[in-house]
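Have a look at the structure below before the remarks.
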Amino acid sequence: MLEQVLPHSMLKAKPNLESRIKTLKRDWAIVYDMLSGKDNSDFGWDEHRQMVVTKDVVWNSYISVR
């Protein structure tokens, strides 16, 4: 189907989709660990903004460890 839409793009759908799925799984694992990990109890979820939230000190500490 991708070849029909973009005939000279040389893109293959399957490798691109597999790569995207791998990236999404990795990103989901990071967010999951932030919200449910025993070391990361200071992280929370803002339902309105749909994002992980915490104090700046906690972010800086998390970033310096990773």
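Read the figures in this text as sums done on the coordinates, not as results from a lab. What you see is a predicted model, and the numbers here were worked out from it, not measured in a lab. Cβ atoms come from the backbone with ideal geometry, glycine included; neighbour counts cover every protein chain shown.
In table form, for the structure just shown:
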| item | result |
| --- | --- |
| Simple Cβ-charge dipole of the range 2-65, Lys/Arg +1 and Asp/Glu -1, about Cα centre, in debye nearest 20 | 320 debye |
| Relative contact order for the range 2-65, counting Cα pairs under 8 Å that sit 6 or more residues apart, in percent | 15 percent |
